[in-house]
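Submitted below is the structure of interest, expressed as C-alpha cells.
All of the numbers you see were taken from the coordinates with simple rules; none came from a lab. Bear in mind that the values here come from a model prediction, so they are computed numbers and not experimental data. Because the Cβ atoms are built from the backbone with ideal geometry, glycine has one as well, and the counts that use them run over all protein chains shown.
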Amino acid sequence: MLGKLLKYEFKDLGKLFLPLNAIVLAIAVLWAATLAIGIDGSHLGFISTSLMILYVFGIMALFIITAVYLAIRFYKTMYGSQGYLTHTLPAVSSSILNSKVIAALAWLFLALLICLISILILMLGISGFPDASDFNAFQTAFGKAFGTSAFGAACLIIAVMISFCFDMSMMVFASLSIGQLFSSNRIPAAIGAGVVCYVIQQAISSAGFFILGLDMLNDLESDAGITLAATSDFNRYILLASAGVMFLFGVVYYVICFIITKKKLNLE
Amino acid sequence: MSTILECKNLSKAYGGKTALSHVSLSLNGGHIIGLLGPNGSGKTTLIKLINGLLTPSEGSLLVGGHPVGVESKRITSYLPDQSYLNANLKIKEIISYFDDFYNDFDKARAYDMLEKLSIHPEAKLKTMSKGTKEKVQLILVMSRRAKLYILDEPIAGVDPAARDYILNTILSNYEEDATILISTHLISDIENILDEVIFIKDGQIVLNSSVDKIREENGKSVDSLFREVFKC
C-alpha cells in the first residue's frame, strides 16, 4: 500500500515541482553560458544581469514554493476535505504518514540538490572546466577541511542536508497535526505550535552546542595553538552533531504526527 | 443474517459538548437503513466514527467483526456530505485511484454510469457543476462491491430530478447482501426505499425499527412519525 500511496504523492507533487526545478536549472545554465562566452560590456550584458536576478529569485521561489506547497498539501490531504478520502483508504496510518514524509523529503532534497548543482554550473561558467591537477587539489582540500576524504566530506554534507529536510518537514507536519486537535482556529493553532516547536528546538540545540563547543575549546587549548587538524575535527564534529540533533528532533516530530494521526484524528 | 455494524456504548464529545452519547446499535447485512434526525442530531458524528475519521471518547465499534481500521475500510464504501476529491484531477484519474486502492472497485461499472450521464472521463472535476460533482462522487462510491455503504446526506442540496437519479443509482448498484446506511433529514424522498430506520436526537438513538413495523404499530408513515418525534 505504501508503494501506491507514494506513486500518487510523487505524481501530484511532481506536476508543480518538476517544472519548477527544471526552470531554476535552465536559468542557471543560461546564466552560466552568458558568463562563459564573456559577454560583459556587450549588448548581452543586460541579458546576463537579468538572468542573475532571475536566478536569485528563482532559487528563493524554489525553496519557498516547495516548503509552502508541501505544507498546504499535507494539511489538505490529511486534515482538510481530501482527508476524508485519505483516511478511508484501506491503509494503515503509518503508511499514509510515511508516504507524505518520504515525498516531502525527496522534493526538499531535490531542491537543495538543484541549488548545489546550479552553483557548480555557475562556477564552471566563470572559471571553465578545471584541469585534473586543480580538481585533485580541490578534492584534497575539501576532504582536509573536515579531516576526512573528499567522499567522506560529501557524505557528511549530504547527511546534514537530509537531516535538515527531515527536521524541517516534520516540524511543519507536527505543527499542522497539533493544530487539527483544536475545534476552531486550527491554522493559528498550528502556527503557534510551530513557533513553540522551533523555540524549544533552538533552546535545546543551542545549549547542546554550547556545551560541545566548550569541550572542543578545551581540546584546542591543550594543543599547541589552533592546528589544521584541530579545526578539521571541529568542523566534522559540528556537522555530525548538527545532523544528529536535527535527525533526533525530526524523529520526535514524526512520533507526534503518528500518535495524532492514529489515535487523535479529528476531522470534524 | 450476519451483523455488519455493532456499536457498544459509543460516545463522542467535542470540547465540552457531547455530540453522541452512549449509543449502542447493531445492524444486520442486506438492509437499507435510514439514519434520520434533524441537523446537529449526531448523524454525521456517528458516520465519521464508523469510518475512522473521528476517534470515540468512549465505547467500541466493530464493522464486519473488525475494529475500525484497514479491514473495516476495505469493506466500507463511504460518501461524505461534502466534496472530498482533488478537483484538479480528471475523472479517469480519480477512477484509476479508486481502482488502485479498492480491490472491490468495478471500473467498468463506473465508466458505464458515467456514460449514461454523458460525463466525459477526460473532464476535470473542477470544471463541473456542484450537482455533477456529487453524481461523480456517488458513482465512485456505488461502483465498489462493498459490504457496507454509508451515504451521508446523498440527496441534500440537489434538485428533485437529481434526487431520483441518485436513489435509482443506489438501488440499482448496491450488492444485495450489502447494507446501506443513508443519513438524511429529507424523509419523504427516501421513505419508499428504506427497510429500517434509526431516529437520532441530541446524540442518542430514540428509535430503531423496521419501516413496516412503524406503519403497522403507529398507522402512519415514517415521515409523519419523524415530524411528530422531532416537533420543534
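What distance in nm separates the two pseudo spin-label positions at residue A:76 and residue A:102, each 7 Å out from Cα along the beta-carbon direction?
Each label point lies 7 Å from its Cα, and together they span 2.3 nm.
Roughly how crowded by other chains is peptide A:77-88, in terms of the mean Cβ count from those chains within 10 Å of each of its Cβ atoms?
Across A:77-88, the average partner-chain Cβ count within 10 Å equals 5.
Need one number for the range A:137-268: average projected area of the convex hull over its C-alpha atoms, nm².
Details: hull surface 38.8 nm².
Projected over every direction and averaged, the Cα hull of the range A:137-268 covers 9.7 nm².
I want to check the label-to-label distance for residue A:137 and residue B:28. Put each point 7 Å from Cα in the C-beta direction and report it in nm to one decimal.
Going from the residue A:137 label point to the residue B:28 one covers 9.0 nm.
If amide hydrogens are placed 1.01 Å from N in the peptide plane, which non-local residues have theirs closer than 5 Å to the one on residue B:79?
Correct list: B:150, B:151, B:152.
Another question, then. Give me the number: length gained by fully extending residue B:39 to residue B:127, i.e. 0.36 nm times residue separation minus the C-alpha to C-alpha distance, one decimal in nm.
Result for the pair: 28.7 nm of gain on full extension.
Take every DSSP beta bridge whose two residues both sit in the protein assembly as shown, then give the antiparallel share in percent to the nearest 5.
Bridges in the protein assembly as shown are about 55 percent antiparallel.
Let me ask you something else. For chain B, compute the orientation-averaged projected area of the C-alpha convex hull (one quarter of its surface), in nm².
If you wrap the Cα atoms of chain B in a convex hull and average its projections, you get 12.9 nm².
A follow-up question, please. Grab chain A and count how many Lys pairs have their alpha-carbon atoms under 29 Å apart, sequence gap of 8 or more, or different chains.
Count of close lysine pairs: 26.
Over all alpha-carbon pairs in the protein assembly as shown, figure out the percentage whose distance exceeds 28 Å. Before the final figure, lay out the partial values.
On the way: 79751 of 124750 pairs.
So the portion of pairs separated by more than 28 Å is 64 percent.
Still on this structure, I have one more. Based on the alpha-carbon gyration tensor of the range A:1-129, what equivalent-ellipsoid semi-axes (square roots of 5 times the eigenvalues) come out, in whole Å, largest first?
39, 13, 9
Along its three principal axes, how long is the range A:70-204 when you only count alpha carbons? Whole Å, largest extent first please.
64, 35, 28
List the aspartates and glutamates whose alpha-carbon lies under 13 Å from that of residue B:147, not counting same-chain residues fewer than 8 positions away?
Straight-distance partners of residue B:147: B:71, B:104, B:175, B:176, B:177.
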